[in-house]
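Everything below concerns the one structure shown next.
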Amino acid sequence: MRLQNSNEPFAIRILTWFAGLASAGMYLSILLVLLKIGPVVMGGERVTRTEWLHIAAPLVAAIGILMAMLCYALASGKPWSRHLVIVMFTLIIVYASILGALNLIRHTIMWRAIIDAAIFGGLSAWYFYFKPNVAEYFRELAS
């Protein structure tokens with residue numbers, strides 16, 4: 001286990017915890033749907049459990065894996081951790097685009113996923129690659 005880096009931005013510590021909790025939450029959401037507990041929503045719209053399990057669950061599981069990897073990478077100071085954030089948002093955009101093009105999801109759900117992922121992906125790109133102190137932190141990790 002590495003000692004806390006004094007140059008580590010405070011938000012990175014918060015994001016480390018968030019990524020770990022989000023990963024657990026992803027798998028909890030799949031479990032709740034399987035157990036038929038609570039409403040089933042995709043892109044802000046109610047859908048059937050079967051529809052959610054066939055369409056959303058694979059993406060939720062993949063994002064859960066990426067979140068767990070991100071938690072590990074941020075906690076252990078891996079310089080490639082910031083790339084995982086961009087991979088997650090890119091995956092969401094590609095997945096929604098493919099499902100929308102194949103008419104497997106409603107276009108309102110597709111566009112919401114694409115727009116949300118593009119906005120949060122853009123903000124993440126700015127934070128991890130262009131915010132001066134964060135970019136410097138990752139340059140130090142790489143060297």
Exercise. Enumerate the pairs (first residue in the stretch 28-42 and open to solvent by 40 Å² or more (accessible area, probe 1.4 Å); second residue anywhere and basic (Lys, Arg)) with beta-carbon separation below 8 Å, excluding pairs fewer than 6 apart on the same chain, so at least 6 apart or on different chains.
Key: LYS36/ARG49; PRO39/ARG46
Quiz prompt | Residue under evaluation ALA68, criteria (1) modelled with pLDDT of 95 or more; (2) open to solvent by 70 Å² or more (accessible area, probe 1.4 Å); (3) within 30 Å of ARG139 (Cβ to Cβ), criterion not met | solution = (2)
Quiz item: Taking ARG49 and the conditions (1) open to solvent by 20 Å² or more (accessible area, probe 1.4 Å); (2) more than 18 Å from HIS107 (Cα to Cα); (3) under 12 Å from the mean Cα position of the chain (by Cα), which numbered condition does it fall short on, given that it satisfies the others?
Solution: (3)
Quiz item: So is ALA96 of a type outside the set (Ser, Thr, Tyr) and either farther than 19 Å from TRP52 by Cα or surrounded by fewer than 14 Cβ atoms within 10 Å (Cβ to Cβ) (or both) or not?
Solution: no
Quiz item: Pairs under 8 Å by beta carbon, first residue open to solvent by 70 Å² or more (accessible area, probe 1.4 Å) in the stretch 112-140, partner part of a helix (DSSP H, G or I) and modelled with pLDDT of 95 or more, six or more apart or different chains?
Solution: PHE120/PHE89
Quiz item: Regarding ILE93, is this residue among the β-branched types (Val, Ile, Thr), assigned to a helix (DSSP H, G or I), over 10 Å from the mean Cα position of the chain (by Cα) and at pLDDT 95 or above?
Solution: yes
Self-check item: All positions within the stretch 101-133 that are farther than 17 Å from LEU91 by Cβ and either of a type in the set (Gly, Ala, Ser) or more than 19 Å from the chain's Cα centre (by Cα) (or both)
Solution: ASN103, ARG106, HIS107, THR108, PHE130, LYS131, PRO132, ASN133
Quiz item: Residues of the stretch 36-58 being out of contact with any strand residue (DSSP E or B) (no Cβ under 8 Å at 6 or more places or on another chain) and within 15 Å of ARG112 (Cα to Cα), which ones?
Solution: VAL41, MET42, GLY43, GLY44, GLU45, ARG46
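Give the residues of the stretch 87-108 that are touching a residue at least 24 places away in the same chain (Cβ under 8 Å) and in contact with a helix residue (DSSP H, G or I) (Cβ under 6 Å, 6 or more places away or on another chain), sorted by residue number. Working first, answer last.
Going residue by residue through the stretch 87-108, those that are touching a residue at least 24 places away in the same chain (Cβ under 8 Å) are 88-93, 95, 99, 104-106, 108.
Listed by number, the residues that qualify are MET88, PHE89, ILE92, ILE93, TYR95, ILE105.
The values are calculated or read from the model by the stated rules, or taken from the named source; none is laboratory data. Note that the coordinates shown come from a computational prediction; the quantities given were computed from them, not determined experimentally. All Cβ positions, glycine included, derive from the backbone under ideal geometry; neighbour counts span all protein chains shown. Surface areas here come from the heavy atoms of the whole protein model, side chains and all, with no ligands, DNA or RNA. Shrake-Rupley method; radii C 1.70, N 1.55, O 1.52, S 1.80 Å.
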